[in-house]
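Bear in mind that the values in this text are calculations on the coordinates, not laboratory data. Here the structure is a predicted model, which means the values were calculated and not measured. Here Cβ is always computed from backbone atoms with ideal geometry, including for glycine, and neighbour counts include all displayed protein chains.
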Amino acid sequence: MPIAAQLDLFEISPAPVPKPKRTRRIHSSVPDAPATTIPTALLRLADWILLNSSGGKDSQAMASHVCALAAKLGLLHRVVIVHSDLGDIEWTDTRKLAEEQARLLGVRFEVVKAEGGDLLARTVARFFTLKAKAEREAREQGTDPGTVKIAPAWPSSAARWCTSDLKRGPIRKLMTRLVAELGDLGRPARLLNCLGQRAAESAPRAKLAAVEIDRPASNGRRHITTWRPIHGWTDAEVWKEIARSGLPYHEAYDWGLSRLSCSFCVLGCEADAVLAARLRPQKAAQYIAVEKKVGADFKNGLSMRTIVERAKALDAEHGELRRPPRGTALSRYVGKKATRRYLARVDHTRLGLAA
Ligand code: SF4
């Protein structure tokens, strides 16, 4: 659906009344701490090994690394790669790439998608919900509803609803389905949920444990252990794993992007946003339309309008971006010779699959 139609749809929808918050009780069978942190033991214990793939380099390296370990243990049949389809806000062909990687690794592939619109449509819907709430509270307090301050509708590091609504929620539904497939085990199913998060990405990620029990996602029927198999890896180790695996990576990295997933990430760096605006000017224009609608910048302190101005200035100074040679990103870490070998392997495999 075109963005204008999506925005109108949400504008005329009555804003839902927020439900009172419930305190969630954790089932008594759910352990506080993982039984082990040893990779091979984690894999052996799991009924399902779920690999979360955004299609980005970290989840790709995590997936090929875990699949190599699982293959040695004869456990590939328990591995499922899941991709959350974010629609047109993620880089083109990300879903297709995640599926290709799963096929090459010889494991099951699942796609999940949140209902209720993409990040832009949700931001607009959230704005009207927050506005209605603020106005209702003002009326209850006898103040002027026309002067209320509305909480930010865009996701942010403090309110990262994009990840919970668009990724975590739909993946939990898949977990329910996978557990149902196991039938009655006479005990809670054990699901090993693998993420490509790394300490080197940010200070908050550095604080995450490599292995922990996901207590909120666990219940009497399933115990979820979160495993971050490449938590301690450097960028160089990630790229070396990509070269080793011979799996194709997303071309956005060759253009110079440092991260994948949404083309414009509310938490990403400015350089990535400007580069994305040069590569996807029409998508950037949609973000500007939403900024106008909700009266707030998409990133805290940095509007898409400014990003687009910077992108245009770079286009004016250097001309339109020219496609960089394939393998540009990889060759920075493994050198030109190894990159040529990698590209030959990727092409050979793709040709073999097409034949
Ligand atoms: S990539 Fe950024 S904007 Fe997109 S879902 Fe993840 S945190 Fe949110």
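Kirkwood radius and radius of gyration were both taken over the C-alpha atoms of region 227-351, and their ratio Rg/Rh is 1.05. Among residues other than ARG222 with Cβ under 13 Å from its Cβ, the summed charge is +3 (Lys and Arg +1, Asp and Glu -1).
Per 5 Å bin from zero, what fraction in whole % of the C-alpha pairs of region 70-149 is there, up to the bin with the longest pair? Percent of pairs per bin, in order: 3, 13, 14, 12, 10, 9, 8, 7, 7, 6, 5, 4, 2, 0.
Spatial offset of region 266-318 relative to region 131-176 amounts to 23 Å, using the alpha carbon center of each. The smallest convex shape that holds all Cα atoms of region 257-318, its convex hull, gives 78 Å³ per residue.
Computed about the Cα centre, the dipole magnitude for the chain is approximately 840 debye when only Lys and Arg (+1) and Asp and Glu (-1) carry charge, each at its Cβ. Residues whose amide H lies under 5 Å from that of VAL112, counting only those 5 or more places away or on a different chain, are HIS83, SER84, ASP85; hydrogens are built 1.01 Å from N in the peptide plane.
For region 257-318, what is the charge dipole size about the Cα centre, in debye to the nearest 20, if Lys and Arg each add +1 at the Cβ and Asp and Glu each add -1 at the Cβ?
Details: 10 positive and 7 negative charges, 44 e Å.
Dipole size: approximately 220 debye.
So what is the 222 nm mean residue ellipticity for the chain from helices alone, if each DSSP H run of at least 4 adds -39500 (n - 2.57) and you divide by all residues, rounding to the nearest 500 deg cm²/dmol? Don't skip to the end; give the middle numbers.
On the way: 13 runs with 166 residues, N = 355.
It comes out at -15000 deg cm²/dmol, rounded to the nearest 500.
For region 200-277, applying the loop criterion from DSSP together with a ceiling of 13 other beta carbons within 10 Å to the trypsin sites (Lys or Arg not before Pro) yields LYS207. Within a straight-line Cα-Cα reach of under 26 Å, LYS293 can be paired with the following lysines, leaving aside sequence neighbours fewer than 8 residues apart in one chain: LYS19, LYS113, LYS131, LYS133, LYS149, LYS167, LYS283, LYS312. Couplings for region 324-330, taken from phi via the Karplus curve 6.51 cos²θ - 1.76 cosθ + 1.60 with θ = phi - 60°, read x, x, 4, x, 3, 5, 5 Hz in order; Gly and Pro are left as x. Each pair of Cα atoms in region 148-258 enters the Kirkwood radius, and Stokes-Einstein at 25 °C and 0.890 mPa s then converts it into a translational diffusion coefficient of 145 µm²/s.
Please report, in cubic angstrom per residue, the volume enclosed by the convex hull of the alpha-carbon atoms of the chain. Please list the in-between numbers first.
On the way: hull volume 60.6 nm³, N = 355.
Each residue corresponds to 171 Å³ of Cα convex hull volume.
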